[in-house]
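Remarks on the structure that follows.
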Amino acid sequence: MPPVRSLALASAAAASLMMLSACSGSAPEAGASTAAAPGGAANPAAPDNAPNVSVIEPVIKLPAVPGNPGVLYFTIQQTAGKANTLVAVHVDGAGRAQMHQSKTENGVSTMEPVNAVEFSESQPAEFKAGGYHVMLFDLANTVKPGKDVEVTFTLANGDKVSTFAKVEETGAMEGMMDHM
Ligand SMILES: [Cu+2]
């Protein structure tokens, strides 16, 4: 009696489908308690860094006057291979991060935004007081001394480098000089 048998199979299939949808329907509740489990959240954060690029001593200097922009200093270098170009910097807790270059002409310090900074094995790019720096606007109050803040550097070829910068107060003298 083939027809009867196929009917039985069909209803069995329908029954298991219903059970399946019932199971998946309850899944979000069951999954909620395990969603915060380590591993799932930690692995995507593991940086898939650009090869042969290293960032040395990244430091965020808080503004002397709260509400003013902060600044990020570091050195980025190529440890092997051909030169690269840094085109963007992202800092967790900063509304906006912009690469700047300070210049002193006739005793007057000015700074202007820059879009790209090249670096190579023989010529690292130094971001430091008086030269290149990254200006940090709209700093969240989570960015405070003693914290490590994630910083991500984007290269012209699309590669990224992530690392953590330590956060420091700006000394009184530095504050007066700003980061020029
Ligand atoms: Cu600046």
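Candidates K147, K103: the one that is of a type outside the set (D, E) and closer than 20 Å to F164 by Cβ is K147.
Okay, residues lined up against (1) part of a loop (DSSP other than H, G, I, E, B); (2) in contact with a Leu (Cβ under 8 Å, 6 or more places away or on another chain); (3) among the polar types (S, T, N, Q):
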site	(1), (2), (3)
T110	no, no, yes
E121	yes, no, no
A129	yes, no, no
V134	no, yes, no
F137	no, no, no
T142	yes, no, yes
E150	no, no, no
F153	no, yes, no
G158	yes, no, no
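Taking the criterion of being more than 14 Å from the ligand (Cβ to nearest atom) and either outside the structural domain of P69 (by TED's automatic domain parsing) or modelled with pLDDT of 95 or more (or both), the residues of the stretch 84-114 that qualify are N84, T85, L86, V87, A88, H90, D92, G93, G95.
Scanning the stretch 129-150 for residues that are within 16 Å of the ligand (Cβ to nearest atom) and touching a residue at least 60 places away in the same chain (Cβ under 8 Å) yields a count of 6. Suppose we filter G67, G158 for residues that are exposed (fewer than 15 other Cβ atoms within 10 Å of the Cβ) and more than 16 Å from the ligand (Cβ to nearest atom); which single one remains? Exactly one of G67, G158 is exposed (fewer than 15 other Cβ atoms within 10 Å of the Cβ) and more than 16 Å from the ligand (Cβ to nearest atom), namely G158.
The numbered conditions (1) of a type outside the set (S, T, Y); (2) closer than 22 Å to I76 by Cα; (3) modelled with pLDDT of 95 or more are all true for G130 except (3).
The values are calculated or read from the model by the stated rules, or taken from the named source; none is laboratory data. Not measured: the values here are computed from a predicted model. Using ideal geometry, Cβ is built from the backbone for each residue, glycine included, and neighbour counts are taken over all protein chains shown.
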